[in-house]
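Take a look at the structure below.
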Amino acid sequence: MTHLQAGLSPETLEKARLELNENPDTLHQDIQEVRDMVITRPDIGFLRTDDAFILRFLRARKFQHFEAFRLLAQYFEYRQQNLDMFKSFKATDPGIKQALKDGFPGGLANLDHYGRKILVLFAANWDQSRYTLVDILRAILLSLEAMIEDPELQVNGFVLIIDWSNFTFKQASKLTPSMLRLAIEGLQDSFPARFGGIHFVNQPWYIHALYTVIRPFLKEKTRKRIFLHGNNLNSLHQLIHPEILPSEFGGMLPPYDMGTWARTLLDHEYDDDSECNVDSYNAPAKDLEKDLSPKSMKRSQSVVDPGVLKRMDKNEEENMQPLLSLD
């Protein structure tokens, strides 16, 4: 075991060997092979190429050197192409701070039975008057940056549960093609995190409709890991044990405290709201959301036509079949 694997438990070391092809004898060589590819992309500013940083990309791509380098390049390219998102990329940024305090994202205290961190989002908590969807995306990316420092999570990965209870049609109308594309590019294509499952619960029919449109833009591996449970929490419990879930998900633990993860990131600044007001919060991110262009999603110029959605009656909602079967 090299010093780069020092943070891993014996069980996780074995998992890294079997599932990710991680070999301590060739670890430095693997990292150097990825680093050597940096010169092939002079158009990208690679701000970090140290061993520990490159290792997380190798783990995310099961030590396939070229795939790891491509992910590394996309990571920095995404930041270059969306500079406004990362101008004030810190937990105390007013927009990010408000999103974090509303639980975007939340993190459960217990890992699942595979050692994965469970992230939770309660979609209806979004307060449109205080922060934008871009701020939520920034808060999620910032949280992942902090969590991915843990080598155990680099190997074991994450699980995401999104509760759509009380998420209104008006809120859903803000999920524009360009906004969804920005999120897909940032989370699926440009970040070295392993997502073992993405679970939708209590989703209304219009979230089903949104998903059918973005589904073609998801990688096959991602599609296979998305589960739409609706109101069937028993199917969620087959994959994530209720002993570690809060009561909102039919679990045995108390209701989730939305500020749990925010307090971890913000520490003593959690209760300091001196910077946060409706008029001044994070203007760059607000402008970015306004300027996002739908042309980036060429295969679909609109996620859902509001006219089409209004014509879908309650019978269609009730008859809509699950989009993914649960194994």
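The values are calculated or read from the model by the stated rules, or taken from the named source; none is laboratory data. Only a predicted model underlies this, so the values are computations on that prediction, with no experimental measurement involved. Cβ: placed from backbone, ideal geometry, glycine included. Neighbour counts: every protein chain shown. Note: accessible area is taken over every heavy atom of the protein model, side chains too, but ligands, DNA and RNA are not part of it. Shrake-Rupley method; radii C 1.70, N 1.55, O 1.52, S 1.80 Å.
Kindly write out, for the range 143-159 in residue order, the coupling ³J(HN,Hα) from the Karplus curve 6.51 cos²θ - 1.76 cosθ + 1.60 (θ = phi - 60°), rounded to whole Hz, with x marking Gly and Pro.
Each residue of the range 143-159 in turn: 5, 5, 4, 5, 6, 6, 5, 6, x, 4, 6, 4, 8, 7, x, 9, 10 Hz.
With θ set to phi - 60°, apply the Karplus curve 6.51 cos²θ - 1.76 cosθ + 1.60 along the range 209-218 and write out the HN-Hα couplings as whole Hz, x wherever there is a Gly or Pro.
5, 4, 5, 4, 7, 7, 3, x, 8, 8
Please list, in order, the residues from the range 165-196 whose amide nitrogen is less than 14 Å from a point placed 7 Å along the Cα→Cβ vector of Gln81.
178-191
Name the shape class, rounded, prolate or oblate, that the alpha-carbon gyration tensor gives for the range 83-151, where a ≥ b ≥ c are the square roots of its eigenvalues, rounded holds for a/c under 1.5, and otherwise prolate holds if a/b is larger than b/c and oblate otherwise.
oblate
Starting from the Cα of Gln171, step 7 Å along the direction of its Cβ; do the same at His241; then give the gap between the two resulting points in nm.
Distance between label points: 3.1 nm.
Residues with amide H under 5 Å of Gly107's amide H, sequence separation 5 or more or different chain, H placed in the peptide plane at 1.01 Å from N; which?
Long-range HN contacts for Gly107: Val120, Trp261.
Using 7 Å Cα-to-Cβ label points, what is the Ala146/Arg41 separation (nm, one decimal)?
Modelled inter-label distance: 2.7 nm.
Mind listing the phi-derived Karplus ³J(HN,Hα) values for the range 15-22, rounded to whole Hz, using 6.51, -1.76 and 1.60 with θ = phi - 60°, and x for any glycine or proline?
Values, residue by residue: 5, 4, 5, 7, 8, 10, 6, 7 Hz.
Please label the shape of the range 90-267 as rounded, prolate or oblate, based on the square roots a ≥ b ≥ c of the eigenvalues of the alpha-carbon gyration tensor (a/c under 1.5 means rounded; beyond that, a/b larger than b/c means prolate, else oblate).
Here the range 90-267 falls in the rounded category.
Could you tell me what percent of the accessible area of the range 57-154 is made up of carbon and sulfur, with a 1.4 Å probe and every protein chain present?
Percent of accessible area from carbon and sulfur atoms in the range 57-154: 49.
Can you give me the relative contact order of the range 56-211 as a percent, contacts being Cα pairs under 8 Å and 6 or more apart?
Worked out over the range 56-211, it gives 28 percent.
What accessible area per residue comes out for the range 90-267, rounded to a whole number of Å², with a 1.4 Å probe?
Per-residue accessible area for the range 90-267 comes out at 35 Å².
Quickly rank 207-220, 39-52 as a protection proxy: mean count of other C-beta atoms within 10 Å, highest first.
Highest mean packing first, the order is 207-220, 39-52.
Going by amide H atoms built from the backbone, whose H comes under 5 Å of the H on Gln203, apart from near neighbours?
Here the answer is Trp164, Gly230, since their amide H atoms fall under 5 Å of that of Gln203.
Please state the shape class of the range 38-131: rounded when a/c is under 1.5, otherwise prolate if a/b exceeds b/c and oblate if not, all from the C-alpha gyration tensor.
Oblate is the answer for the range 38-131, as a/c is 1.5 or above yet b/c matches or exceeds a/b.
Work through the residues other than Pro255 whose Cβ is under 13 Å from its Cβ and net out their charges, Lys, Arg +1 and Asp, Glu -1.
That sum, taken over residues with Cβ under 13 Å, equals -3.
Applying 1/(1 + (r/R0)^6) with R0 = 35 Å to the Cβ-Cβ distance of Ala52 and Arg215, what FRET efficiency is obtained, to the nearest 0.05?
0.50
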